[in-house]
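Down below is the structure, laid out as structure tokens.
The values are calculated or read from the model by the stated rules, or taken from the named source; none is laboratory data. Nothing here was measured: the structure is a model prediction, and the numbers come from that model. FYI the Cβ positions are ideal-geometry reconstructions off the backbone, even for glycines, and counts take in every protein chain you see. With ligands, DNA and RNA removed, areas are computed over all heavy atoms of the protein, side chains included. Shrake-Rupley method; radii C 1.70, N 1.55, O 1.52, S 1.80 Å.
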Amino acid sequence: MELTVNHHPVFVYTGGVAFDPARPAVVFIHGAAHDHSVWALQTRYLAHHGHAVLAPDLPGHGRSGGAPLASVEALADWVIALLDAAGLDKAVLVGHSMGAMTVLEAAARHPARVSKIALLGAAFPMGVSEALLAAAQDDPETAYKMVNLWSHAPATHVGGNPTPGVWQTGLNLAIMRRSKPGVLHRDLLNCQAYLGGLEAAAKVACPALLVCADRDLMTPPRAVQGLRDAIAGVKVASIAGAGHAMMAERPDAVLDALRDFV
């Protein structure tokens, strides 16, 4: 469906089920140069099992209008504006990578609007190499291939896809190639510039879940410890055999972790 948020059209995937704000709501926020499609299994399952699901394309991403927002803080406020546009008082927020930082900041800034948070592929600080930043600005195709290489566990690059007939790394590359010019660079700058992660983590007042993939090179398990220490009562789920692209590499395991939490 399409909503209007801050005067711009926003495409929102609802999991194949008509959106019903009376149901318990779960909002999925994608990461850099991605869109709603990275949540394919998780959104469809929850939508078909009693939840109201919203998986938006962030501003300037995918099928949404407007320009990419210029900070994690702005993205966090935008998520709350999305809830307003959808007629939701409160929701569970699920985010991946840049989306995880967005969800964390939203929970800190707007505690009354967030019932639970799940952070996938999250770490603070979320540093970005200068080589990747430079490539994202000057040679996006090279940057997409760098991200693709580092986002997947080694086994994924040689097959082992749990979804028959799908070329995992090729699909991820295709999603990034659909990005508008400058989107990946803007998103990576947002990740690098975000300084409030631990402060936000200390303010989280709702139940929280960290989902970590044991082969994640982008946000490796050791880099998650800071958030783990800062979020009171946080639960942790480990996804075996997956990298940063865990929702696609081990979709069932990620779904199990989310289903038990939401």
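Considering the stretch 138-153, and only residues there that are open to solvent by 80 Å² or more (accessible area, probe 1.4 Å) and within 22 Å of the chain's Cα centre (by Cα), the residue that is nearest to D216 (Cα to Cα) turns out to be W150. Within the stretch 110-127, restricting attention to residues that are in a loop (DSSP other than H, G, I, E, B), in contact (Cβ under 8 Å) with a residue 40 or more places away in the chain and open to solvent by 20 Å² or more (accessible area, probe 1.4 Å), the residue that is farthest from V224 (Cα to Cα) is G127. Looking at the stretch 128-137 only, could you name the residues that are part of a helix (DSSP H, G or I) and either open to solvent by 20 Å² or more (accessible area, probe 1.4 Å) or of a type in the set (D, E) (or both)? The answer is E130, A131, A134, Q137. Within the stretch 46-93, the set of residues being farther than 24 Å from R177 by Cα, touching a helix residue (DSSP H, G or I) at 6+ places or on another chain (Cβ under 9 Å) and of a type in the set (A, V, I, L, M) comprises L46, A52, V53, A74, A76, V79, I80, L83, L88, A91, V92, L93.
Criterion applied to D229, D252, D216, D256 was being of a type in the set (D, E), closer than 27 Å to L132 by Cα and either out of contact with any Pro (no Cβ under 9 Å at 6 or more places or on another chain) or open to solvent by 10 Å² or more (accessible area, probe 1.4 Å) (or both), and the one residue passing it is D216.
Got a sec? Which of A74, A100, A106 is assigned to a helix (DSSP H, G or I) and without any contact (Cβ under 8 Å) to a residue 12 or more places away in the chain? Matching residue, one of A74, A100, A106: A74.
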